[in-house]
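The values are calculated or read from the model by the stated rules, or taken from the named source; none is laboratory data. Source: prediction; values computed, not measured. Glycine gets a Cβ as well: all are built from the backbone with ideal geometry, and neighbour counts include every protein chain shown.
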Amino acid sequence: MAEDLSLELKYQHPWPSSRPDAYAHQEEVAARVDLYGNTIAPSLIAAVDTAYGHGGEYLFAVAVVLSFPGLEEVERSHHQAPVEFLYHPGLFYYREGPVIVGALTRLQADPDLIIINGHGVAHPRRCGMACHIGVDFDKPSIGCARKLLVGRHRPVDSARGSAQPIMYREREIGLAYRSRESVKPIFISVGHKCDLAYARDIIVGCLCGFRLPEPLRLAHLLANKHKRYIEKGENQKTT
């Protein structure tokens, strides 16, 4: 019998419904985050992103798995669900996490690493979305975001490949990286089971001429495409 290599949720927990419960859970997860270096090159990389629909009351997520370093698509999965947790700064995982976990657990492949559209330890409580997902699946994970959440960095030169450390409370928590010349930088941070040098190398190895690394760019496009497909079908049914 063939071995089941599907992605498995290792850390199962109830989903908090209030801010105090979410903060308490976040502290527990932060204590589980492993920031030790990782020197193992991945063969499969997963990325996941979301799109809001129905006036922001519904979430659509797509997870995609690509080979590395070839960056050829291996698999994709999707999941959608109503939004049940109100927006609170620094607690984004509890708003989008259920649908993201749903998409990832539908994958048949077992990726070696997960890239999240969001932050890892570059977070006010050092526990962003990438930390949560890394701990949930016990996988190396990396946060790659379009906007800075916390901390400061010096101006990044306009040349592609230029970078500056993100500092917060006298700690280096991430990297502002110019992935395209004269285009706004992306923000890279560790999620789980790797260090910042490794995270940077992986993200740079996934760049294909666009601002975002290819796995995350593809997940972003597919999430929005899936949302439009579902909403179009629902509109046709009502008419």
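Below are the figures for this structure:
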read-out: Flag for Y11 being surrounded by fewer than 19 Cβ atoms within 10 Å (Cβ to Cβ), at pLDDT 95 or above and of a type in the set (F, W, Y); value: no
read-out: Residues that are under 30 Å from K10 (Cβ atoms), of a type outside the set (F, W, Y) and either in contact with a Gly (Cβ under 7 Å, 6 or more places away or on another chain) or without any contact (Cβ under 8 Å) to a residue 12 or more places away in the chain (or both), drawn from the range 152-173; value: I166, R171, I173
read-out: Among the residues listed as Y36, Y23, the single one being of a type outside the set (G, A, S), touching a residue at least 12 places away in the same chain (Cβ under 8 Å), surrounded by fewer than 12 Cβ atoms within 10 Å (Cβ to Cβ) and not in a strand (DSSP E or B); value: Y36
read-out: Qualifying residue in the range 199-214 (condition: of a type in the set (F, W, Y), part of a loop (DSSP other than H, G, I, E, B) and loosely packed, with under 15 Cβ neighbours inside 10 Å); value: yes
read-out: Residue match in the range 186-198 (condition: part of a helix (DSSP H, G or I), closer than 26 Å to R76 by Cα and in contact with a Gly (Cβ under 8 Å, 6 or more places away or on another chain)); value: yes
read-out: Among the residues listed as A51, A31, the single one being at pLDDT 95 or above and loosely packed, with under 13 Cβ neighbours inside 10 Å; value: A31
read-out: Selection within the range 55-94 - without any contact (Cβ under 8 Å) to a residue 60 or more places away in the chain, touching an Asp or Glu at 6+ places or on another chain (Cβ under 8 Å) and either basic (K, R) or not in a strand (DSSP E or B) (or both); value: V83
read-out: Test result for V48, assigned to a strand (DSSP E or B) and closer than 21 Å to T105 by Cβ; value: yes
read-out: Tally, over the range 134-151, of residues that are of a type in the set (V, I, T) and free of Cβ contacts under 8 Å to residues at least 60 places away in the same chain; value: 1
read-out: Residue in the range 102-114 that is over 28 Å from A197 (Cβ atoms) and crowded, with 20+ Cβ neighbours inside 10 Å present; value: yes
read-out: Count of the range 160-185 residues which are outside any strand (DSSP E or B) and within 29 Å of D138 (Cα to Cα); value: 4
read-out: Filter result for G120 (in a loop (DSSP other than H, G, I, E, B), under 27 Å from E181 (Cβ atoms) and of a type outside the set (S, T, Y)); value: yes
read-out: Residue satisfying condition, being over 17 Å from L216 (Cα atoms), within 17 Å of the chain's Cα centre (by Cα), of a type in the set (V, I, T) and not in a strand (DSSP E or B), within set V150, V156; value: V150
